[in-house]
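Just so it is clear, none of the values below were taken in a lab; they were calculated from the coordinates. Model, not experiment: these values are computed from the prediction. Because the Cβ atoms are built from the backbone with ideal geometry, glycine has one as well, and the counts that use them run over all protein chains shown.
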């Protein structure tokens with residue numbers, strides 16, 4: 001398995017900061033490891049840099065909101081955003097539960113416009129407040145215990161604890177980590193990345209983005225699906 005120090009050594013050689021046969025110093029290793037983890041943290045916020053989405057469930061109990069994060073109601077690494085959500089209506093019959101899509105409200109300002117936030121009924125909308133260390137998921141209307149709530153979030157790329165930690169990621173990530181780390185390290189050594197290194201980094205990152213691309217089917221608002229046409233002369237709609 002490739003370790004963090006393997007990638008660091010290659011990246012330093014790529015920028016000429018480490019010669020052939022030279023040993024990397026402990027200080028350079030620590031600094032480069034910190035930089036590598038910073039880069040992985042940034043990539044964790046990019047949908048196309050993430051190879052997997054996680055479905056996490058929690059039983060509704062009539063609360064207006066639920067916490068999201070490690071140790072929260074949705075016990076998952078705190079996400080920056082929620083990619084999708086749905087409510088599963090529980091049924092007494094085996095295998096007969098039905099899932100209903102929940103539309104995500106993207107902005108706090110839009111959620112604030114809801115007049116009666118405590119209305120209890122079938123959940124249709126959700127707003128995610130990405131607070132730290134625990135986020136908060138607000139449902140509208142508020143569902144009762146008949147529903148199991150599901151959120152879909154991005155897998156978090158690993159943070160490497162030590163230089164000897166194995167990089168447990170799909171194989172295409174290794175080249176992307178190596179060449180992009182090299183570019184990230186250039187400022188620390190007062191170096192400019194070469195054009196060939198920039199091309200290698202861009203191509204390697206493009207490969208994983210292409211690998212992770214998932215394009216949802218286009219959906220249209222119900223009001224746009226009608227066959228009626230607006231007549232500017234009569235000010236009426238007709239089929």
With Cα coordinates, the longest principal axis of the chain makes an angle with the long axis of helix 26-43, in degrees rounded to 10, of 20
Compute the distance in nm between two label points, each set 7 Å from the Cα along the Cα-to-Cβ direction, one at residue 98 and one at residue 144.
1.7
Please compute the contact order of the chain in relative form: average sequence separation of alpha-carbon pairs under 8 Å and at least six residues apart, divided by the residue count, as a percent.
26
Extension gain from residue 117 to residue 129, taking 0.36 nm per residue of separation minus the Cα-Cα distance
2.8 nm
Is the C-alpha gyration tensor of segment 53-154 telling us rounded, prolate or oblate? Criteria: a/c under 1.5 is rounded; beyond that, a/b larger than b/c is prolate, otherwise oblate.
oblate
Rounded to the nearest 10 degrees, what's the angle between the helix 172-185 long axis and the longest principal axis of the chain, both from Cα atoms, 0 to 90?
70
Given an 8 Å cut-off on Cα distances and at least 6 residues of separation, report the relative contact order of segment 53-154 as a percent.
42
Whole-number D in µm² s⁻¹ for the chain, Kirkwood Cα-pair radius fed into Stokes-Einstein, 4 °C, 1.567 mPa s:
60
Nearest 5 percent is fine: what portion of the DSSP beta bridges confined to the chain is antiparallel?
85
Can you tell me the 0 to 90 degree angle between the C-alpha axis of helix 195-212 and the longest principal axis of the chain, rounded to 10?
30
Residue separation times 0.36 nm, minus the C-alpha to C-alpha distance between residue 20 and residue 59: what's the value?
8.3 nm
